[in-house]
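Structure first, then comments.
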Amino acid sequence: MFFMMRRWAFCIVVFLLPLSNCHAKKPKLASELSSNENEEVVKIEGLTDDEKTCSRCRWAARALRKSLGEKLPKKARDDSERRKILTRAALDASQEKDKVCAKRRFPEKIRERQERGSDRIAFSDGDEPQDAHVRYREISEGMEGVIDRLISECDIIMTSLTPQITARAEKFTERVEEFSVATAFTDRWVCHRMTGLCPKEDFPEYDEDEEERDDEL
């Protein structure tokens, strides 16, 4: 016990050490995380396979919601055909500023944070208030490269999921009474149900169109 206390004290004091060095359990790579076995997962090629893959996917899901929030006016959200057409147009946008993964949809500064309940490290907005119960580390070098990778991997994910995203925009109200971008395109749907890039443990709440299954209780 004495030596364990010394180890944790050392990690707290030497804050510039990699966050994962303070944990005995090695963080899992994206390819080792438990995928969703209840739906057909889209295999996405070209992503970096490391402990931050899930976090990059969640930033992609956030960019998708921002884009569709701009492109889908409220009056169009009750019409499934218009939702499908406008969603596909957003995914196929050619002008840089209109693309789902446009740089303007990502923060200018990010930091690393230690996720609660796991040894994985995620990215958070550098301008967001810090949680007193979460450990953070500033990125002192290569910030532009880190953000560029968020954007490039967002592009890969969106390109790979274009048919699924378009179909969901059209058919979401077949199982849910009201369509909204926030409930249709959650992090859980993009990063767990469709891609398996994040484990189900990251999402304790089901999506609105899901039914609880006894094997997941």
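The values are calculated or read from the model by the stated rules, or taken from the named source; none is laboratory data. Computed from a predicted structure; not experimentally measured. To get the accessible areas, we keep the full protein, side chains included, count just its heavy atoms, and leave off ligands, DNA and RNA. Shrake-Rupley method; radii C 1.70, N 1.55, O 1.52, S 1.80 Å.
Translational diffusion of the stretch 129-217 was estimated from the Stokes-Einstein equation, with Rh taken as the Kirkwood radius over Cα pairs; at 20 °C and 1.002 mPa s the coefficient is 136 µm²/s.
Distance from the Cα centre of the stretch 82-97 to that of the stretch 134-156, in angstrom? That distance is 26 Å.
Ligands, DNA and RNA aside, Lys171 has an accessible area near 100 Å² when probed at 1.4 Å. When Asp79, Asp50 are compared by accessible area at a 1.4 angstrom probe, the order from most to least is Asp79, Asp50. Counting heavy atoms of the protein chains alone, Arg58 has an accessible area of about 70 Å² for a 1.4 Å probe. Legend: distances between Cα atoms for Lys97/Lys200; Lys52/Lys75; Lys171/Lys200; Lys75/Lys99; Lys74/Lys103; pairs beyond 31 Å are Lys97/Lys200; Lys52/Lys75.
Ser152 contributes an accessible area of around 60 Å² to the protein surface, as traced by a 1.4 Å probe with all chains present. The accessible-area ordering, largest first, of the residues Tyr136, Tyr206 stands as Tyr206, Tyr136, per a 1.4 angstrom probe. Sequence-ordered 3J(HN,Hα) estimates for the stretch 101-110 from the Karplus curve with 6.51, -1.76 and 1.60 and θ = phi - 60° stand at 9, 4, 4, 5, 8, 10, x, 7, 9, 10 Hz, glycine and proline given as x.
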